[in-house]
1. Would you mind giving the average projected area, over all directions, of the Cα convex hull of region A:62-166 in nm² with one decimal?
2. For region B:616-697, which GluC sites (Glu not before Pro) are both in a DSSP coil and crowded by at most 15 other Cβ atoms within 10 Å?
3. Compare the Cα positions of B:73, B:425, B:160 along the charge dipole of the protein assembly as shown (+1 at Cβ of Lys, Arg; -1 at Cβ of Asp, Glu; about the Cα centre) and return the one farthest towards the positive end.
4. Take every Cα pair under 8 Å in region B:68-121 that's 6+ residues apart, average their separations, divide by the length, and report that relative contact order as a whole percent.
5. Under a GNM of chain A (C-alpha, springs under 10 Å), which listed residue has the highest mean-square fluctuation: A:161, A:40, A:125?
6. Can you compute the modelled spin-label distance between residue B:438 and residue A:250, with each label point 7 Å from Cα toward Cβ, in nm?
7. Could you calculate the FRET efficiency of residue B:203 with residue B:21 from 1/(1 + (r/R0)^6), where r is the beta carbon distance between them and R0 is 51 Å, rounded to 0.05?
8. How far is it, in nm, from the label point at residue A:16 to the one at residue B:511 when both lie 7 Å from their Cα along the line to the Cβ?
Amino acid sequence: MDTRAHSADQYLVRSEPYYEPVGDEVRLFEAAHASRVPVLLKGPTGCGKTRFMEFMAWRLGRPLVTVSCHDDLTASDLVGRYLIIGAETVWVDGPLAAAVRLGAICYLDEIVEARKDTTVVIHPLADDRRILPVEKTGEVLRAPPEFLLALSYNPGYQSVLKELKQSTRQRFVAIEFGHPEPALERRIVAHETGVDEGTAERLVRLAGMTRNLKGNGLDEGASTRLLVHAGKLVMLGVAPRTACLAAIAEPLTDEPETLAALNELVASVF
Amino acid sequence: MNARLSASELEERLEDLLEACLSSRRTAAALVPGLAALERGQQDFVLHWAGVVARSSAELAYQFAAAAPRALAVLGERGAEAWLVQAMDVYDHGSMYAASAALKDLTGFVRSWDAQADAVRFEDAGRVLELFLWGLSGRRLRVAAADEPWTDTETVYLPHEVTLYAARNRNFLVYKAMAALAWAQCRFETFAPALGAAVEASAHPARVRRWLAFLEAVRLGAKLERALPGLARDMRVLQQPAPDARVAAAAAPLADPDAPLEATLAALGAVDLARAPPAWPYVVRLHPERAQEVREARIGRERETFRALLGGLRDAEREEGGAPGAGPGRFEARVSESAATGERTVELFLDGAAVSPPADAASLMQSILQDLGTLPPEYLEPAGAGAYAPSTPAGAAGDDGAAEAEAGAAVYDEWDYARRHYRRGWCVLRSRDVHPGDPAFVWRTLERYRPQIASLKRTFEALRGEDRLHRREPYGDGIDLDAAVAGLADAAAGRELPERLFVRRHRTERSIAVMFLVDMSGSTKGWINDAEREALVLLCEALEVLGDRYAIYGFSGMTRKRCELYRVKRFDEPYGAEVKARIAGIMPQDYTRMGVAIRHITRMLAAEDARTRLLVTLSDGKPDDFGDGYRGEYGIEDTRQALVEARRAGVHPFCITIDEQARAYLPHMYGAANFVLVDDVRRLPLQVAGVYRRLTA
Ligand SMILES: Nc1ncnc2c1ncn2[C@@H]1O[C@H](COP(=O)(O)OP(=O)(O)O)[C@@H](O)[C@H]1O
Ligand SMILES: [Mg+2]
């Protein structure tokens, strides 16, 4: 029986990603990697977790295997499965098994979205055993020292269905991500989009206003990502008010009164 | 959606409603053709209002029902309601004859209604403006309608309607400018003591007030220019009439965005008090003495709330850190001010390490900073469990015997924080059904919230488990290729071909059991009780879409031996006429011994077969009982303990508290549970469903 191998090449981050550190996260991550402790990135969506992972993979020179988890993702999607290629059945590694073999950094984005059975395969990798049993082939993969498992998790969901179990979270070093400080966020928005300082400043100010509405009308305030989107529209010549409505207000809510209030905030800032 | 009422159903309902004025020439049947063609929602509208009018006059109700289809066609529901209400006004103050004429003059009404169409009313704009204000930094301000615009630094009062311009958006802009100006008054220290002093010192306080209001509009306008440049630009069209040369010169220094209140007071000396200031439409009036009262009450209250928050924060940090009492638990605060915008931010440190305060603490800190400019040391003393002086609850000492068990009653322990032990078998709890109430309550609620219910249902539909493929099934809708391939590999290796080779579509089970526990104590009498019942109606409508298993119970009682649990809906009971009548029948009873109710409900929930068990309590936040010392710390600590027990039993507790005044002890009491504070009863009905959606999304 044949096995399809993944090559490290396709997962390497070749040029330095733009990343603005917000605190101690770079040092923490490096220390976790060196001591082979898996990492949990906590924080709302769009606050730079993915970018941070790309940056760290580049910095540590490790391949980065990213999996966006969703509610149909099963353990075998992560570990691997048989395929028929030609007339032969071929075992193909899933991303997790591939990452273990390559000594890569494996980033499971939004882990709580995945099916519960995925935690079963994660646990033995996340404690000092550092193994991945591949049930279907009978193999047990041993993670090389360079391998690192990282999960992301958004504690802002109040949902009791999406709490990360203690038995899982207690295996990880947690790094908390929040919205960047205004000055830093302005720099990020300006760098990512090319908008002038004044526009970046107003976008960040507007973001602060939407964040004040969290829990009252909004489940979540605008993330840096949304500001970047709005900034890009502005750079393409869309009027700022229109850009903010389309890229910030509308994605945040469908509720008519909240949307109207967001419109008024946009029109107050721009 | 509900189906249209048939002709015979309509006739029957109309006969009931209009009985008093029907005769052989005046029949309900004659009304039916006009109504039978309407949408169900409009039919309900007509029947509802016919019922309301019939209480005053069956005759007028009959005429209304006859004319309603046409009125609905030309005016829509809102307009038709206004048309009817003005006719009823005429009836109340005049005669049947005049009222009937008012109803008949539909064309005349349509004309005046159109003229009003440009008006913006508070009821339409208020909620949006409130959210708008919440988006701005600083203290969370509420909005309310009043005869003139002003603020007491906590509530922004806005006029009932704005009709100044012939364009709706211009009228709305006036509202928005008023709201923003009132916000700026709170934010940029309009209500410093010097303001009140200037009014009091004057021989013409009314004139001074008027001029100060105008000059502050100018001074704060410059600040808005910086904080909200888009709005400031829009507002310029409202700055009419233009000030004359003298006023312009006096107000010139106020154009500096850094001008303090003193600049306004100085400008006051340069204007002619005898003349009226320019009548800009959005000027917000000043009542310094009322603002002062509110401020004084707030300062003490917020200090206690903040200290309790720190207490909760310290508890949480200790639990997280795993080591109780790891540090001395000392808080420090660093306040910094942004040079560009003047925004102040606070960083909190616990024993030297930065801690992030809960989200609702942010606006509280801003509020304190607005009043005091800093967080004084006494604010940084955490309050909480340790802060209560241990004392035996009054009345508990002599009455120590365990409660007798009796048929149909359950007996529970209660936590005595002073002894740090449970009082064994202390409370006796009985269950009974809620006495059914008037079903019309449910029906009116459905009517009132019709658009919101529709949108709730849509959002809940999105939560519903979707069809999903189950793999490796012994039979199903298609072949599981993965399994087949693996099977072939097995077969090739000489093993047996497995049987589970199919995929099957299956609706995922959410497997949630949720229990709603509703405060039926006497303190909920009035608005809170109404809001609770409405909340339950909305919730049931939404939950029916979702298909989660749910039950509803109320609780109250008097003394530990007479705790009562009121059944509204059992898990296995359908949401039908009986349950609806019981929701309507939820009435304020006696006291709030919350711990025992939570314990009983937890026990019931734990017996439910579900992957996720959720307990949502709805209360007004004051555990209290008669006579035996439950009030105060004892009740708070027992409630806290009951919630801890619930969590241990695998139940997720979530508490919704209706409280007009944010209570300092809540973070501590709800330690083990997440909670939200609803500070505006009117918001409750929609919020409960919203909370549930977020909890289980
Ligand atoms: N610290 C940061 N440095 C650079 N860019 C950032 C940073 N934080 C956010 N961004 C920007 O925001 C966008 C969204 O961030 P992303 O990493 O995708 O968020 P997350 O993974 O947390 O959902 C990025 O594409 C980048 O443009
Ligand atoms: Mg009560």
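The values are calculated or read from the model by the stated rules, or taken from the named source; none is laboratory data. Note that this is a predicted model, so its numbers are computed, not measured. No Cβ is skipped: glycine too gets one built from the backbone with ideal geometry, and neighbour counts run over all protein chains shown. Side chains included, ligands, DNA and RNA excluded: accessible areas come from the protein's heavy atoms. Shrake-Rupley method; radii C 1.70, N 1.55, O 1.52, S 1.80 Å.
1. Details: hull surface 29.4 nm².
Taking a quarter of the hull surface, the average projection is 7.4 nm².
2. Working: sites: B:633, B:637, B:645, B:660; in loops: B:660.
Hits after loop and neighbour filter: B:660.
3. Checked the options; the winner is B:73.
4. 31 percent
5. Largest GNM mean-square fluctuation: A:161.
6. According to this spin-label approximation, the distance is 4.6 nm.
7. Here the calculated transfer efficiency is 0.20.
8. 4.9 nm
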